[in-house]
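What follows is one structure encoded as structure tokens, with my remarks underneath.
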Amino acid sequence: MNWIPIFLDIVKEDFQIPIPPQKDVEHLLEDVEWIKQNADQNDPFDTLKLKKEMVTAVQEKKAFLQKRVCDLGSILVLSYEKIPETTWTFWWHCVRLLCPSKKVRIVFYMHPKNRDTPLKGSHIESQHINGGVTMRCDEKTVIVYRKEEATRVFIHELFHASCSDPYHLPVPFVEADTEAWAEIFLCAALAKGETKKFQKLLKEQFQYALQQTEYLTKNHQVLTPEDYAWRYTIGRLEVWKKLGFKMPLSSSGKTPKTLRLTKETLEP
């Protein structure tokens, strides 16, 4: 796995370089129209209409719309709460690392609905687990619509936007590959490229993922690529193994009965 030191050095170097000056600006009418149009579309992933609820909340002045720009592009956020400055900075580093030659447009709808696990025996569907959507190779369509795990989803969608998908594979395998890399990248970025911290975070995430997968296999029949949640759960484990990572020998510990894919500690 000779690529890991090179990968971490790239991440470390980026976090040592200040991001371009960023500033809050007034959103444009075209921004609002695009956000509303996107929220009104029949999204096969956002079947709960979480985006539309956030647009309504902004219109009723229960939430607010913030736009921040820098030389890397623009980020718009519909939210009930202020975004910490450390999070803004982290997001821009992710953009610079994953979409270095493109000016992005990111929209975070930040709906507070968590990834609730359905009743035992029920199948996991998109409304239970998804939190974002992006058109392949289109850095202007990056959408995140849940507050929970917003940064992890943001990274996942940036991978799609950067044309990194293995196009020759069926969709479940593409998503498994993207999710596996998103979680590797998240751990590396949170560690700012420091090897020991990266190894610690990744080991903890592998343990969490194994525990979650075993729970979903036992209680929600997540077994094969034909089962929707496979692409984000079992599928990522298989990608990690193919990359050469060693998985934990056991899944001892508290079983995560949530559909958030990463530990709560993996936040910027």
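What ranking of CYS99, CYS137, CYS94 emerges when the number of other C-beta atoms within 10 Å of each C-beta is taken as an exposure proxy, fewest first?
Working: CYS99 20, CYS137 14, CYS94 23.
With the fewest neighbours first, CYS99, CYS137, CYS94 line up as CYS137, CYS99, CYS94.
Identify which of the listed values of percent of Cα pairs over 28 Å apart was calculated from the structure shown: (1) 33; (2) 50; (3) 30.
So the structure-derived entry is (1).
Given a Förster distance of 30 Å, report the FRET efficiency between LYS12 and ARG136 from their Cβ-Cβ distance, rounded to the nearest 0.05.
On the way: r = 29 Å, r/R0 = 0.97.
With R0 = 30 Å, the Cβ-Cβ based efficiency is 0.55.
Taking the Cα centre of each part, how many Å lie between segment 141-185 and segment 54-106?
Using only Cα atoms to place each centre, the spacing works out to 18 Å.
What percent does the relative contact order of segment 125-268 come to when contacts are Cα pairs within less than 8 Å and at least six residues apart?
Values: 184 pairs, mean separation 36.9, N = 144.
After rounding, I find 26 percent.
Contact order normalised by length for the chain, with contacts defined as Cα pairs under 8 Å and 6 or more residues apart; what percent is it? If you can, show how the numbers build up before the last one.
On the way: 442 pairs, mean separation 49.7, N = 268.
Dividing the mean separation by the residue count of the chain yields 19 percent.
Which are the unpartnered cysteines of the chain, meaning those with no other cysteine Cβ under 4.7 Å from their Cβ?
Among the cysteines of the chain, those whose Cβ sits 4.7 Å or more from every other are CYS70, CYS94, CYS99, CYS187.
From the helices alone, meaning DSSP H stretches of at least four residues, give me the mean residue ellipticity at 222 nm for the chain, per-run term -39500 (n - 2.57), in deg cm²/dmol to the nearest 500. Please list the in-between numbers first.
Details: 9 runs with 122 residues, N = 268.
Roughly -14500 deg cm²/dmol at 222 nm, from the helical runs in the chain.
Could you size up the charge dipole of the chain around its Cα centre, putting +1 on the beta carbon of Lys and Arg and -1 on that of Asp and Glu, and report it in debye to the nearest 20? Provide the component values of the computation, followed by the final result.
Values: 38 positive and 36 negative charges, 139 e Å.
The dipole of the chain has a size of about 660 debye.
Which translational diffusion coefficient, to the nearest whole µm²/s, is obtained for segment 1-95 from the Stokes-Einstein equation, given a Kirkwood hydrodynamic radius over C-alpha pairs, 20 °C and 1.002 mPa s? Kindly include the intermediate steps, with their values, before the conclusion.
Details: Rh = 15.7 Å.
Rounded, D is 137 µm²/s.
Please go through the residue pairs LYS113/LYS257; LYS120/LYS263; LYS113/LYS254; LYS203/LYS263 and name each one whose alpha carbons sit more than 20 Å apart in this structure. List each step's numbers first, then the result.
Details: LYS113/LYS257 16 Å; LYS120/LYS263 22 Å; LYS113/LYS254 23 Å; LYS203/LYS263 11 Å.
Violating the 20 Å limit, Cα to Cα: LYS120/LYS263; LYS113/LYS254.
Helix check for the chain. Which DSSP H runs span at least 27 Å along their own axis by Cα, with a mean Kyte-Doolittle hydropathy no less than 1.0?
Numbers: long enough: 171-190 (28 Å, 1.02); 195-220 (36 Å, -1.26).
In the chain, the long hydrophobic H runs are 171-190.
With 10 angstrom as the radius, rank ASP24, ASP165 by how many other C-beta atoms surround their C-beta, starting from the fewest. Spell out each step's value before the answer.
Working: ASP24 10, ASP165 17.
Fewest-to-most Cβ neighbours within 10 Å comes out as ASP24, ASP165.
Over segment 63-183, what relative contact order in percent results from Cα pairs under 8 Å that are six or more residues apart? Show your work: numbers first, answer last.
Details: 200 pairs, mean separation 25.5, N = 121.
After rounding, I find 21 percent.
The numbers here are math on the coordinates, done by the rules we state, and not lab data. As the structure is a computational prediction, the values presented were derived from the model and not from experiment. All Cβ positions, even for glycine, are placed from backbone atoms using ideal geometry, and neighbour counts span all protein chains on display.
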